[in-house]
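Okay, so here's the structure we're looking at.
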Amino acid sequence: MFKKLLYAICSAILAILYAILFGVSQLAISESTQLEVLKVTKVHDGDTFKVNLNCDLDLFCKEIPIRPTGYDAFELNDAENKADAIAAREQLRDLLVNAQRIELKKVKRGKYFRLVADVYIDNVKLSDIMLDTGLVKPYDK
């Protein structure tokens, strides 16, 4: 946990310094921000995955954790719901791996240095797809 916190703090400091020194507008995140995903690098669970984004700054665009809006999946360490948690992770992995295009819209910075966004897979909102499976529950925070 300490390593993740230290990484998040260092990343934020580097981003601020880079923006101050070079005036990079790409680093600004607002609700109107839309980003294109180049590659999904890891699916952690049913509602968190990492991506490489389509931008020129490797430091800020590689291995970025994403938290889709609109739904919540069970945690993998929840013994009572472990089967649903694993099934949701596999469903998310299949959707992301087979997608032709993945877009992030209404992007915000969330907890744990993740980007929280409306995720669209081939122009269909990810939360709608995941909710239709019944493996996840609605979440609007």
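One table, with the values for the structure above:
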{"read-out": "Positions within the range 64-98 being under 22 Å from LEU35 (Cα atoms) and loosely packed, with under 15 Cβ neighbours inside 10 Å, in sequence order", "value": "ASP94, VAL97, ASN98"}
{"read-out": "Single residue of the range 99-141 satisfying the filter (β-branched (Val, Ile, Thr), more than 18 Å from LYS42 (Cα to Cα) and free of Cβ contacts under 8 Å to residues at least 40 places away in the same chain) that is surrounded by the fewest Cβ atoms within 10 Å (Cβ to Cβ)", "value": "VAL124"}
{"read-out": "Any hit, the range 45-66, residues being assigned to a helix (DSSP H, G or I) and more than 30 Å from PHE2 (Cα to Cα)", "value": "no"}
{"read-out": "Condition broken by ALA99, with the remaining ones in (1) in a loop (DSSP other than H, G, I, E, B); (2) out of contact with any strand residue (DSSP E or B) (no Cβ under 7 Å at 6 or more places or on another chain); (3) over 30 Å from PHE2 (Cα atoms); (4) not basic (Lys, Arg) satisfied", "value": "(2)"}
{"read-out": "Which listed residue is touching an Asp or Glu at 6+ places or on another chain (Cβ under 7 Å), of a type in the set (D, E, K, R) and closer than 15 Å to VAL51 by Cα, from LYS105, LYS125", "value": "LYS105"}
{"read-out": "Residue check, THR33 in contact with a Lys or Arg (Cβ under 9 Å, 6 or more places away or on another chain), modelled with pLDDT of 70 or more and farther than 30 Å from ALA87 by Cβ", "value": "yes"}
{"read-out": "Every residue from the range 71-96 that is part of a helix (DSSP H, G or I) and among the hydrophobic types (A, V, I, L, M, F, W, C)", "value": "ALA79, ALA83, ALA85, ILE86, ALA87, ALA88, LEU92, LEU95, LEU96"}
{"read-out": "Given (1) modelled with pLDDT of 95 or more; (2) β-branched (Val, Ile, Thr); (3) closer than 21 Å to TYR7 by Cβ; (4) outside any strand (DSSP E or B), number of the condition VAL40 does not satisfy", "value": "(4)"}
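The values are calculated or read from the model by the stated rules, or taken from the named source; none is laboratory data. Since the model is a prediction, treat every value here as computed from it, not as a measurement. Because the Cβ atoms are built from the backbone with ideal geometry, glycine has one as well, and the counts that use them run over all protein chains shown.
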